[in-house]
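Chemist: Right, I'll just put the structure down here and ask away after.
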Amino acid sequence: MPSLVLQIQSSVLAQIPWANTPMLWWLLAAGLPFLIHLLSRTRFQETDWAAMRFLEAAWKRHARRLAIEQWLVMVMRGLLLAVVALALADPRWLFNSQEIGHKRPPVHWMLVLDGTVSMDAMLLGESRFEAAKKLADQVIDLAAEGDTYSLFLLSDPPLVLIDEPTFEADLVREAIRNVRRRDTGGHLASMLELIQGVQLDAQRVDDERRETRICFFTDLASTTWANIESPECQRRVAALATEATFQICEVSDVAEPNDVAIVAARLRDERLLIDEKISLDVTLRKMAGNATARRLRVLIDGEAGPEATIAIVGTEVRHRIDLDIHQVGEHVIELRCDDDTIPVNDRFAFQITLRDRLRVLILEGRPQVGARLELAFDPDRQQNPLVVTRVPLREFRNQKLSDFDAVFLADVSSLETIEGRMLADYMDAGGGVVWTVGPNVDIPRLQESWQQVVTGDTLQFEGVAPRGQYRFDAGEYLHPILSAFAGQPRSGLSTTPIYQYLRVSPGDDATTVLSLNDGNGTIFSGAVGAGRWVFVTLPWGEARDTGKERWSEVTVWPVFVPIVHETLDWAMRRTHAQRTVTVGEPLRFPKLDRASAEVIDPLGERHVVVRGAEASLVFDGTTFAGAYRLVVGEAEWLAHANVDAAETRLERYDTELLPKVIRTDGEWAEDVVISESNTRLPLYRFLFATALLLLCAESWLTHRRRASND
Amino acid sequence: MERAPTSFDPRVLAKLDGLRLRARHIAEGYLVGAHRNPRAGFSTEFAEHREYVPGDDLRYLDWKVFGRSDKFYLKRFEDETNLLCYLAVDSSESMAFQGPNSGMSKWEYAQCMTAALTWVVLRQQDAVGMLRFDDRVRHWIEATNRSLVLEQVLDALEQPSPTTKGLVGRAINEIARRIERRGVVIIISDFFDDIDEIRSGLRRLRHRHCEVVLFQLLDPAELDFPFDVPTRFRGLEGLGTLRVNPVSLRAAYRQEMNQFTQQLDACCRELSVEYLLVRTDEPFDQTLRRFLVRRRDA
């Protein structure tokens, strides 16, 4: 009997999700009436009987009816116990009534789990993602013999977890159980493209005609689903809808969400010198709910640092935190807020590199043109954390650029190829280059040299502007280099006399930092790899031997020293910047001799990184927030990825805006349980009602038998 | 409400040891009670002379009495005035049945009935004989009014308990064939036999101008079928076994039994045979009274 029960469980009962599976063992009690009947057959009394002929006559006449009645009563009693046992086990699912009565064609289920970061939101003690997994499990429970499954993860990039449709429901369940949510957003168009590909492949391979059902288990977060309105998504949905039906199985919050995210942490001063105060601006944003305060803790290299309780006023609040670090080298700074609806955006980690001093290399295109620049770095001739090395351009090749935080090219018109490559590699690894020109500029050679160093659509050198009276026009002081001059009219920025300059046309990959009053730019900036460049169309140095007319009075104007320092601050090497990214962005590691290396992600999984076209190793698989380690032999480089707080917004996409072919009415999955309270079918009530009916019927039948026998 | 047991109750009588004692107790006890009701005798025709009424055959007038008393009396002959009574008792195996709530078996009840009736008939100076049968007549005691016959009857009744198969119909036929003088034939049996066979025998008896009385003795269990637990019934007279749930079969069995007794009753009515259904838990005095009152009213 127990084996029979196990067989039943494995076949029919296992198709149904039960709230209280152990209660199914009470099904054994259904056999009790039959057992009692069998036992009673072995226990009877004996007696002599004279009127045997009448007894036999009665038996022959009524034996069949009596046997039927007896079995009927036994079956009813067994059924009664079985129904009560089923009711106690609390079944949570009932096949669609249409599917009970009619055999439907086999279905290819394309299950799409929303694995975006918003699915980290907690829903009744479990994350939305876990709830989505359960829903997917229940859809598999609903499936019938002959159905096939594919499994996808909606993330950025989206993933196909099971591409070839499989009949093995257990395999799919296992895949669902093991899949991890990503900390990225979701790329809906790519997801639909993948689904389309799998569906086409499935149709090509499968001989049997199947209905395709695409089922999204999602929270319908607007950050992901707003993209459904894009032409590409609309086109793909329309194409899929010709062969498939769409269904949204939504997981949503019952309770009010309450979420505050750490959206940014910015260093106030990028120099990061030892014994100087390190100030950090932390930005918190209220994503949902009515939080009034959050406690913020700082961990420095894993050790507890300063703490603060930050009042949340308005939507976004910025808070300054001072760090006290006295050790040169790399440090991991981790910020933590109290856990709330979405825990993953309550953490933010990054690295900083603390230096004992800054080292600047000045390469002189002509002798002594860098002297004034050197003076600008240390005007008081005091003990300064800035160490300046000034060398002629011909000694460039002898320099080890990685020892310097920034390289200034003073009045340089041309570079050798090898020198250009050295600068390009230096910037790619995070170094900063500031290039100035002067009256002796050779435009064709300059253009050629520039393109060796900086790739992309950056600057086009047009020629020297005609002599005239020009002034700087800082505009809105938007660029960080200029922000220090905002509200400082005595700095001389707007009064600096300028007579000539190199006219440059900026491309898409260049930013104009500072313009002149004729509308042309005079300082431009951009990025190469992890480094930054600044190009100045004026000389920031002065040669004594030149007989040419001066291009400007910048070097003697009050603006010179501060603008040189601000430029250095912006451009200098940020070893930490390249290793703190938003999830989804590539991580760049230093250029190594090796062609490949191994990256260990926050989950401890290893990935091989191969050097591509770029000089440095780039890892573009940052799908989880946390620390990534590049391991080369015994050496190790650390990098951090943080979630994009914008992706953790909890606004629900308006389903009215979904294409009409995407159903949310649950026509073929209306029994999917979204929460305990709203959609679960009270099947146990029907079972108890059936038990009561059986009880009445059994009582009536027994009474009828007794009455007729007495 | 259950009746308080009297000294005629079978359960009480069963405690008396010996058939003689039981029969005497019944007969004497009954006769003592009968004095209170003189009309409740065995025969209302017990008289040697009776007054003449117009229409009587004048050949039977007793002229001597007329000469002495100047009254007309009819003279009755000895043979004609004495009652001849044959008591035929079924001694087949089925008569040995005794239900769970009965004081005695059907055979024991029949023994007592037979002995008591013999006693009563003899006390009224009538002739009585006895037949014991199963599938055929086994014992035959010719009717006589001598008191010796009582001992013979008792001896015959005290023969070992019945173990043979009963064929009542055939036995009645044999009785009808063998009986020489007409009289009253009282057959005491459960009559578990084919009704047509019984009818045939009774018709034959009636054809011999015998007055026939049937006492059908049935155990209360045979009528009520009071069993409540699954039971295996072993059929007497080699009728096999049957395992049934009595509760579910009770109504059907009762119906079969009722149908049989009704058929027997109808058969008796058809042949002008007196029929009495006697439960073996019925006190003997009641049974005798029921019988004698019906005879008086007939």
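Chemist: Need a quick list: strands (runs of 3 or more DSSP E) entirely within segment A:234-299 having at least 1 residues that are modelled with pLDDT of 85 or more and farther than 30 Å from A:Met110 by Cα. Spell out the reasoning first.
Modeler: Values: elements: A:244-250, A:259-267, A:278-288.
Correct list: A:259-267, A:278-288.
Chemist: Out of segment B:247-275, which residues are more than 12 Å from chain A (Cβ to nearest Cβ) and assigned to a helix (DSSP H, G or I)? Walk me through how you get there before you give the answer.
Modeler: Let us first name the residues in segment B:247-275 that are more than 12 Å from chain A (Cβ to nearest Cβ), namely B:262, B:264-275.
B:Gln262, B:Leu264, B:Asp265, B:Ala266, B:Cys267, B:Cys268, B:Arg269, B:Glu270 - these are the residues of segment B:247-275 that are more than 12 Å from chain A (Cβ to nearest Cβ) and assigned to a helix (DSSP H, G or I).
Chemist: For segment A:290-304, indicate whether the set of residues that are loosely packed, with under 14 Cβ neighbours inside 10 Å and of a type in the set (Lys, Arg) is non-empty.
Modeler: Yes, the conditions are met somewhere in segment A:290-304.
Chemist: Do we find a residue being more than 7 Å from chain A (Cβ to nearest Cβ), in contact (Cβ under 8 Å) with a residue 40 or more places away in the chain, assigned to a helix (DSSP H, G or I) and buried (at least 20 other Cβ atoms within 10 Å of the Cβ) anywhere in segment B:231-246?
Modeler: Among the residues of segment B:231-246, at least one is more than 7 Å from chain A (Cβ to nearest Cβ), in contact (Cβ under 8 Å) with a residue 40 or more places away in the chain, assigned to a helix (DSSP H, G or I) and buried (at least 20 other Cβ atoms within 10 Å of the Cβ), which makes the answer yes.
Chemist: Step by step: first the residues of segment B:206-230, then only those that are at the interface with another protein chain (Cβ under 7 Å from one of its Cβ atoms) and assigned to a loop (DSSP other than H, G, I, E, B), then the one that is surrounded by the fewest Cβ atoms within 10 Å (Cβ to Cβ). Which residue is that?
Modeler: If we filter segment B:206-230 for residues that are at the interface with another protein chain (Cβ under 7 Å from one of its Cβ atoms), which is where we start, we get B:222, B:229-230.
Filter again for assigned to a loop (DSSP other than H, G, I, E, B), leaving B:229-230.
Working: B:Val229: 11, B:Pro230: 17.
Only one residue fits best here, namely B:Val229.
Chemist: Restricting to segment A:127-158, give me the number of residues that are modelled with pLDDT of 85 or more and touching a helix residue (DSSP H, G or I) at 6+ places or on another chain (Cβ under 7 Å).
Modeler: Result for segment A:127-158: 15.
For (1) of a type outside the set (Val, Ile, Thr); (2) without any contact (Cβ under 8 Å) to a residue 40 or more places away in the chain; (3) assigned to a loop (DSSP other than H, G, I, E, B), each residue gets a yes or a no:
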| site | (1), (2), (3) |
| --- | --- |
| A:Thr496 | no, no, yes |
| A:Ser505 | yes, no, no |
| A:Asp509 | yes, no, yes |
| A:Leu514 | yes, no, no |
| A:Ile523 | no, no, no |
| A:Gly541 | yes, no, yes |
| A:Arg550 | yes, no, yes |
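Chemist: So which of B:Arg269, B:Arg250 is surrounded by fewer than 17 Cβ atoms within 10 Å (Cβ to Cβ) and either touching a helix residue (DSSP H, G or I) at 6+ places or on another chain (Cβ under 7 Å) or closer than 15 Å to B:Ile198 by Cα (or both)?
Modeler: Numbers: B:Arg250 fails: surrounded by fewer than 17 Cβ atoms within 10 Å (Cβ to Cβ).
On inspection, the qualifying residue turns out to be B:Arg269.
Chemist: Quick check on this structure: which one of A:Ser505, A:Ser525 is within 28 Å of A:Thr580 (Cβ to Cβ) and at pLDDT 90 or above?
Modeler: Working: A:Ser505 fails: within 28 Å of A:Thr580 (Cβ to Cβ).
Sole residue among the options that is within 28 Å of A:Thr580 (Cβ to Cβ) and at pLDDT 90 or above: A:Ser525.
Chemist: List the residue pairs whose Cβ atoms are under 8 Å apart, where the first residue sits in segment A:36-64 and is more than 7 Å from chain B (Cβ to nearest Cβ), the second is not acidic (Asp, Glu) and not in a loop (DSSP other than H, G, I, E, B), and the two are 6 or more positions apart or on different chains.
Modeler: A:His37/A:Gln70; A:His37/A:Met74
Chemist: Taking segment A:289-318 as the region of interest, how many residues are of a type in the set (A, V, I, L, M), in contact with a Lys or Arg (Cβ under 8 Å, 6 or more places away or on another chain) and either farther than 14 Å from A:Cys337 by Cβ or assigned by TED's automatic domain parsing to the domain that holds A:Ser222 (or both)?
Modeler: Qualifying residue count for the region: 1.
Chemist: Suppose we keep only residues that are closer than 17 Å to B:Asp228 by Cβ and among the basic types (Lys, Arg) within segment A:18-54. Which one would you say is surrounded by the most Cβ atoms within 10 Å (Cβ to Cβ)?
Modeler: Taking the candidates together, the pick is A:Arg41.
Chemist: Somewhere in segment B:287-297, is a residue touching a Leu at 6+ places or on another chain (Cβ under 7 Å), of a type outside the set (Val, Ile, Thr) and exposed (fewer than 15 other Cβ atoms within 10 Å of the Cβ)?
Modeler: Taking segment B:287-297 as the starting set, the residues that turn out to be touching a Leu at 6+ places or on another chain (Cβ under 7 Å) are B:290-291.
Applying the additional criterion that residues be of a type outside the set (Val, Ile, Thr) yields B:290-291.
Now restrict to residues that are exposed (fewer than 15 other Cβ atoms within 10 Å of the Cβ): B:290.
Yes, because at least one residue in segment B:287-297 is touching a Leu at 6+ places or on another chain (Cβ under 7 Å), of a type outside the set (Val, Ile, Thr) and exposed (fewer than 15 other Cβ atoms within 10 Å of the Cβ).
Chemist: Between a first residue in segment A:288-300 that is within 16 Å of A:Ile278 (Cβ to Cβ) and a second residue that is among the acidic types (Asp, Glu) and modelled with pLDDT of 90 or more, which pairs have beta carbons less than 6 Å apart while being 6 or more apart in sequence or on different chains?
Modeler: Here the result reads A:Leu299/A:Glu334, each pair linking segment A:288-300 to a residue that is among the acidic types (Asp, Glu) and modelled with pLDDT of 90 or more.
Chemist: Of these, A:Ala144, A:Ala189, which one is farther than 20 Å from A:Ala645 by Cα, part of a loop (DSSP other than H, G, I, E, B) and out of contact with any strand residue (DSSP E or B) (no Cβ under 6 Å at 6 or more places or on another chain)? Full working, then the answer.
Modeler: Details: A:Ala189 fails: part of a loop (DSSP other than H, G, I, E, B).
Going through A:Ala144, A:Ala189 in turn, just one is farther than 20 Å from A:Ala645 by Cα, part of a loop (DSSP other than H, G, I, E, B) and out of contact with any strand residue (DSSP E or B) (no Cβ under 6 Å at 6 or more places or on another chain): A:Ala144.
Chemist: Evaluate segment B:214-236: report whether one residue or more is basic (Lys, Arg) and over 19 Å from A:Phe54 (Cβ atoms). Give the steps one after another, and end with the answer.
Modeler: First, pick out the residues of segment B:214-236 that are basic (Lys, Arg): B:232, B:234.
Among the residues that remain, those that are also over 19 Å from A:Phe54 (Cβ atoms) are: none.
There is no residue in segment B:214-236 that is basic (Lys, Arg) and over 19 Å from A:Phe54 (Cβ atoms).
Chemist: If I ask for residues that are within 14 Å of chain A (Cβ to nearest Cβ) and farther than 16 Å from B:Gln216 by Cβ, which ones from segment B:109-139 would you list? Reasoning before the result, please.
Modeler: Step one: filter segment B:109-139 for residues within 14 Å of chain A (Cβ to nearest Cβ), giving B:109-110, B:134.
Of everything in segment B:109-139, just one residue is within 14 Å of chain A (Cβ to nearest Cβ) and farther than 16 Å from B:Gln216 by Cβ, namely B:Asp134.
Chemist: Of the residues that make up segment B:63-70, is at least one surrounded by fewer than 24 Cβ atoms within 10 Å (Cβ to Cβ) and either closer than 30 Å to B:Val229 by Cα or at pLDDT 85 or above (or both)? Spell out the reasoning first.
Modeler: Applying the first criterion (surrounded by fewer than 24 Cβ atoms within 10 Å (Cβ to Cβ)) to segment B:63-70 yields B:63-70.
Pick out the ones that are also either closer than 30 Å to B:Val229 by Cα or at pLDDT 85 or above (or both) and you get none.
No: zero hits.
Chemist: For segment B:262-278, give me each residue that is in contact (Cβ under 8 Å) with a residue 40 or more places away in the chain and touching a strand residue (DSSP E or B) at 6+ places or on another chain (Cβ under 6 Å).
Modeler: The answer is B:Cys268, B:Val273, B:Glu274, B:Tyr275, B:Leu276, B:Leu277, B:Val278.
Chemist: Answer with yes or no whether A:Glu174 is modelled with pLDDT of 90 or more and acidic (Asp, Glu). Explain how you work it out, then say what you get.
Modeler: Details: modelled with pLDDT of 90 or more: yes; acidic (Asp, Glu): yes.
Yes, satisfied.
Chemist: Looking at A:Asp340, A:Asp378 in this structure, which one is among the acidic types (Asp, Glu) and under 45 Å from the mean Cα position of the chain (by Cα)?
Modeler: Numbers: A:Asp378 fails: under 45 Å from the mean Cα position of the chain (by Cα).
Within the list A:Asp340, A:Asp378, the selection yields A:Asp340.
Chemist: Out of A:Gly521, A:Gly529, A:Gly492, I need the residue that is touching a strand residue (DSSP E or B) at 6+ places or on another chain (Cβ under 7 Å) and on the phi > 0 side of the Ramachandran plot. Which one?
Modeler: A:Gly529
Chemist: Something else: For segment A:465-481, enumerate the residues that are under 16 Å from A:Asn517 (Cα atoms) and among the aliphatic types (A, V, I, L, M).
Modeler: Let us first name the residues in segment A:465-481 that are under 16 Å from A:Asn517 (Cα atoms), namely A:465-477.
Selection gives A:Ala465, A:Ala474.
Chemist: Now, a different point. Only one of these is touching a Leu at 6+ places or on another chain (Cβ under 7 Å) and within 23 Å of A:Glu566 (Cβ to Cβ): A:Leu493, A:Leu478, A:Leu482. Name it. Before you say what the answer is, go through the steps one by one.
Modeler: Numbers: A:Leu493 fails: touching a Leu at 6+ places or on another chain (Cβ under 7 Å); A:Leu478 fails: touching a Leu at 6+ places or on another chain (Cβ under 7 Å).
Selected residue: A:Leu482, the only one of A:Leu493, A:Leu478, A:Leu482 that is touching a Leu at 6+ places or on another chain (Cβ under 7 Å) and within 23 Å of A:Glu566 (Cβ to Cβ).
The values are calculated or read from the model by the stated rules, or taken from the named source; none is laboratory data. In this text, all values refer to a predicted model and were calculated from it rather than measured experimentally. Note that we place each Cβ from the backbone using ideal geometry, even for glycine, and neighbour counts take in every protein chain shown.
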